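K.L.:
Please see the structure below; I have some questions.
The values are calculated or read from the model by the stated rules, or taken from the named source; none is laboratory data. Note that the coordinates shown come from a computational prediction; the quantities given were computed from them, not determined experimentally. Please note: Cβ atoms are built from the backbone with ideal geometry, for glycine as well, and neighbour counts cover all protein chains shown.
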């Protein structure tokens, strides 16, 4: 059939339909998942790709999961299984073949029409509570390679044929993965979500015709590319280089891992280039990026910096060029490089300097740096529950902030980390204390920790917790203790992360930034999360906003004066005249 | 005689039930500065129609039922009491964190929301109860008294208290309550475990904070309402509609005003349930209430109206969660006033911006120049410019045309009519997605449900929505323009009691659970003996809030038996859970055990003998029957039959294209669809299939 131009009405209707299907997949997955990381951190995503592997629709999902990667995974599926049939489903978690990291099990289903033509691929991806690593965490920061990491790797492995499970693979997983019931529950949830996507797309194809959908795909990409060009044309031309350094942990260079991002904006060409090639080689640790995370983290930095209403799909992605180098710590990894922690730590060190560079080129765009993770307050807790004798392993989300100051607004406090975009829920204290034998003594914002600016970055969150009875292991990889979140355009940095053990007699013992800590009853772990960087000079901050922060106990009277040049009395009242005088003199 | 009054954003709707069970529908403008005046105005309109004095009309009635948006308006406009928040040491920021989460992950123009109660009025109380109900640290009463003295100095008007684990050991929270009575006599307060004894401290704290902040104003409102009704001649009982789709006495709701948050919209599904059963013999329905600015979708699933605990005031993650069970209503910004616009990539959008009541659509001639859904309806011929609101307002067709040509047709290179039809198509699709969203969350296949259209603007595109969803039938009740008020007339006295008690299907603690069920049933019985005294019929139902191990979202499962006498009773619960889980999520895990987090008892007392949703017959003063030119996509301009809603005979069938009009609503019957008048007065539409 000849290509016919789809009008703006049908474009709106069909894009709405496909997005509706991906949301339905996402809702199903969130409501049925078993592990906390899935249904609390919302560490999952659902998307739809065209038959030629272009991302066309994605449910609202954490940014690091979906921008790039599903395309490579779908390609891998086709390459390894050229004869796709309706009823097939594939398990994929290989960071060497497009998955973000091994913890993100993904179900891929090819949508095959009645004539046997592969029209779309649906993907449901979810971070698992456990994947059979050598230690009880899905973030193995110090693993020298994939062998020490220990995860089972599935490069698009067929797990269903004709809608029937291959139980051999299921049993292999159950023999290797801690909490096998939890894994099986999440596996079912992903399969359910993907099958719903398949069913709905088949119905849509019948209703409107496959040729119409093929036409739509192309024109939707054209439309999205046009919107992206429009957004880029609002920016000035320029190049900026920013670096961001991940703190040292075992297996990294002594000074940590510094990532350099060179950003070039070319409004005439309607294009942004992010060059990550001038970076060090992959390291003997779990922090290296997968290709999916390297590309996506750069794209997150760009999309965080521009008009947020531009659709995210292969059309707009085509206006961003990400330059990667094979074998780099933030490039294309070679097996058996470990990418265990690829979605968070170094990925954040790519997104942050990218959006900061955008801000340095263009006032009114870009974003300051978000805080780093994973502090103990969001670590993986494990042990044996003395009440039941049963083992438990779970990632908790007790207290995180890390939001960056923006051109026109203060930070979203609970951004979690830049790649999460704030979707993560914060755990209910009661729910966590019920799920495992925990005692959470405190969780709250720490005063005077914000990244001061014209618009401020987040305040740090302080959390204190330990076992209610018995022993508790807490595993974490806490970046940002030395290299905190930086501000942009004169904005100041946010507070750094910190962690320590509080012994039974109340003494504080500093802890390493990457560890599995054993706590005995009566001991607590204290965890401070990073704040976020500020945007613009704090001396330009609206004085009433500073006074409000003083009244709310977030900023001290002294800091209001010394950092913001704002005079506030003890009752929190703004002294306008004194403030003007102080700001003029400073 | 009975009255049901629903105060909405624009109109105050009144349904009067006469002594022969016939209904009468009236409308007056809402008066936001003094909403009770709007209530009395609507009663005066009715009195005039019945040719009675207001006092004589009121004197005939024994029941006055009221749904009101007054509480939600007080919160939205910041007119609540100065309220303090007391919580467990170390956890001052419960209301700041909420439960985290965010929408639009790439949108950095929206700053983090302020807590419901400022941090400056949030206080930490030393003392700690643990998950096993033991006391880790005793309550520091001296410190509590110090705090209370500080609140006195700050002239705080209400206090909310939420301590960790008060749901399983309320000793500390109760003691704080006693100290408030002693040191802040007369200051209203709310204890979280009394109001909302459920797990998850943020939701409980938020319930308590919202409830306490409403107490001073809402008790005054209820006193004022009952006082002014009495003064006007009413000496019957005054009942108020709750968020849970039931009713409570005005004096009782003043003690727990949080139940007022969704008062009003919660009644639409009560009506919907009645009409689905009466008109089509169905127990599953999607109810869509179209207003000027919002489109509210609610459900009936196998005869039940599903609840949600995730009710937000404002947008999800940016507003405040009520933490309280409420009838599940999904609202989106779509309605007659939604504005159509074209973006810089050439794509058409409708809403979420709305022209509201002021300035309103372009055709209102009140200064609005943006094209809206109402303007598109007028251009297409769906609306008659001379018969809008029964001819009480005339519409400016040229203004609609100009706005659509300028903002839609020209930038998209479409004809005027195609542009107007496109606006309706996009609005329809937005509404369809809202329905898809709530039905997937509640596990209903919309194809298996009757679609019920309420609100004055429902009839414009309900046939089109029905087609898109694959609905067999679309119902437009004759009282559809006052669907919530009609629902209020049909609802029951209702109360619900909840206890947190953890149990697992393996090693089920039957004695412990039965003890909890005893307590819940006793509460229900005292409700029946109290507010429910003299009711016609009483029912008690029990529910478990259950989940698979490690899941964090519970689903509600009805209990088949009132107590767990044997293992078979436990197995029955487990089997029911697997079934409900599969219903809602399309999967289950039959080999897995089940955990129960909370137990709920719901008691209903029926006050009304017989049921009717039919308007009493009346003489038509005007008739507009005939034909007019109406434009439909794919058909162009066609001659559509125009028929007066009230004049259609029972069983009369109209084939589309047709327009059915009343002073309150306009129903568009698309080509290919047919409409039939039902005995209840409803118009029942077979929408037909969507064009391929």
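K.L.:
Take the conditions crowded, with 21+ Cβ neighbours inside 10 Å and touching a strand residue (DSSP E or B) at 6+ places or on another chain (Cβ under 6 Å) and apply them to residue A:193. Does it pass?
P.N.:
Yes; evaluated as a whole, the condition is true for this residue.
K.L.:
Scanning the range A:397-445 for residues that are more than 9 Å from every other protein chain (Cβ to nearest Cβ) and touching a helix residue (DSSP H, G or I) at 6+ places or on another chain (Cβ under 6 Å), which turns out surrounded by the most Cβ atoms within 10 Å (Cβ to Cβ)?
P.N.:
If we take residues in the range A:397-445 being more than 9 Å from every other protein chain (Cβ to nearest Cβ) and touching a helix residue (DSSP H, G or I) at 6+ places or on another chain (Cβ under 6 Å), then A:418 is surrounded by the most Cβ atoms within 10 Å (Cβ to Cβ).
K.L.:
Let me ask something else. May I ask you to say which residue of A:330, A:293 is at pLDDT 95 or above, outside any helix (DSSP H, G or I) and touching a helix residue (DSSP H, G or I) at 6+ places or on another chain (Cβ under 9 Å)?
P.N.:
The unique qualifying residue is A:330.
K.L.:
For the range A:314-327, which positions are away from chain B (no Cβ under 14 Å) and in a helix (DSSP H, G or I)?
P.N.:
A:314, the sole residue that qualifies.
K.L.:
Quick one: count up the residues across the range B:119-147 that are part of a loop (DSSP other than H, G, I, E, B), touching a strand residue (DSSP E or B) at 6+ places or on another chain (Cβ under 9 Å) and within 9 Å of chain A (Cβ to nearest Cβ).
P.N.:
Residues flagged as part of a loop (DSSP other than H, G, I, E, B), touching a strand residue (DSSP E or B) at 6+ places or on another chain (Cβ under 9 Å) and within 9 Å of chain A (Cβ to nearest Cβ) within the range B:119-147 amount to 2.
K.L.:
Another one. If a residue must be closer than 23 Å to residue A:375 by Cβ, buried (at least 23 other Cβ atoms within 10 Å of the Cβ) and in contact with a strand residue (DSSP E or B) (Cβ under 6 Å, 6 or more places away or on another chain), how many such residues does the range A:130-163 contain?
P.N.:
Here the count works out to 4.
K.L.:
Are any of the residues in the range B:615-624 surrounded by 13 or more Cβ atoms within 10 Å (Cβ to Cβ), within 22 Å of residue B:290 (Cα to Cα), at pLDDT 85 or above and not assigned by TED's automatic domain parsing to the domain that holds residue B:394?
P.N.:
No, every residue in the range B:615-624 fails to be surrounded by 13 or more Cβ atoms within 10 Å (Cβ to Cβ), within 22 Å of residue B:290 (Cα to Cα), at pLDDT 85 or above and not assigned by TED's automatic domain parsing to the domain that holds residue B:394.
K.L.:
Please state which one of A:311, A:236 is more than 21 Å from residue A:149 (Cβ to Cβ), part of a loop (DSSP other than H, G, I, E, B) and under 19 Å from the mean Cα position of the chain (by Cα).
P.N.:
From the options A:311, A:236, the qualifying one is A:311.
K.L.:
Could you tell me which numbered condition residue A:212 fails, if it satisfies all but one of (1) touching a helix residue (DSSP H, G or I) at 6+ places or on another chain (Cβ under 9 Å); (2) buried (at least 20 other Cβ atoms within 10 Å of the Cβ)?
P.N.:
(2)
K.L.:
Quick one: would you say residue B:357 is in a loop (DSSP other than H, G, I, E, B), surrounded by fewer than 22 Cβ atoms within 10 Å (Cβ to Cβ) and in contact (Cβ under 8 Å) with a residue 24 or more places away in the chain?
P.N.:
Judged against the criteria, residue B:357 is a match.
K.L.:
If you check A:44, A:90, which single one turns out to be more than 12 Å from chain B (Cβ to nearest Cβ), buried (at least 21 other Cβ atoms within 10 Å of the Cβ) and more than 21 Å from the chain's Cα centre (by Cα)?
P.N.:
Just a single option satisfies the conditions, and that option is A:90.
K.L.:
Considering only residues that are part of a loop (DSSP other than H, G, I, E, B) and within 14 Å of another protein chain (Cβ to nearest Cβ), which ones fall in the range B:335-354?
P.N.:
Selection gives B:343, B:344, B:345, B:346, B:347.
K.L.:
Further question: Just one of A:545, A:539, A:571 is surrounded by fewer than 23 Cβ atoms within 10 Å (Cβ to Cβ) and in a loop (DSSP other than H, G, I, E, B); which is it?
P.N.:
Within the list A:545, A:539, A:571, the selection yields A:571.
K.L.:
In the list A:33, A:20, A:69, which residue meets the criterion of being under 23 Å from the mean Cα position of the chain (by Cα), at the interface with chain B (Cβ under 9 Å from one of its Cβ atoms) and either at pLDDT 95 or above or buried (at least 22 other Cβ atoms within 10 Å of the Cβ) (or both)?
P.N.:
Result: A:33 is the single residue among A:33, A:20, A:69 that is under 23 Å from the mean Cα position of the chain (by Cα), at the interface with chain B (Cβ under 9 Å from one of its Cβ atoms) and either at pLDDT 95 or above or buried (at least 22 other Cβ atoms within 10 Å of the Cβ) (or both).
K.L.:
Let me ask another. For the range B:440-452, does any single residue satisfy the condition of being in a helix (DSSP H, G or I), buried (at least 24 other Cβ atoms within 10 Å of the Cβ) and touching a strand residue (DSSP E or B) at 6+ places or on another chain (Cβ under 8 Å)?
P.N.:
No, the range B:440-452 contains no residue that is in a helix (DSSP H, G or I), buried (at least 24 other Cβ atoms within 10 Å of the Cβ) and touching a strand residue (DSSP E or B) at 6+ places or on another chain (Cβ under 8 Å).
K.L.:
Here is a further query. Please go through the range B:163-203 and give me each residue that is closer than 12 Å to residue B:148 by Cβ and in contact with a strand residue (DSSP E or B) (Cβ under 9 Å, 6 or more places away or on another chain), ordered by number.
P.N.:
B:176, B:177, B:180, B:181, B:184, B:187, B:189
K.L.:
Keeping to the range A:164-184, report how many residues are touching a helix residue (DSSP H, G or I) at 6+ places or on another chain (Cβ under 8 Å), farther than 23 Å from residue A:335 by Cα and either away from chain B (no Cβ under 13 Å) or crowded, with 18+ Cβ neighbours inside 10 Å (or both).
P.N.:
2
K.L.:
Of the residues in the range A:361-396, how many are assigned to a loop (DSSP other than H, G, I, E, B) and surrounded by fewer than 24 Cβ atoms within 10 Å (Cβ to Cβ)?
P.N.:
10
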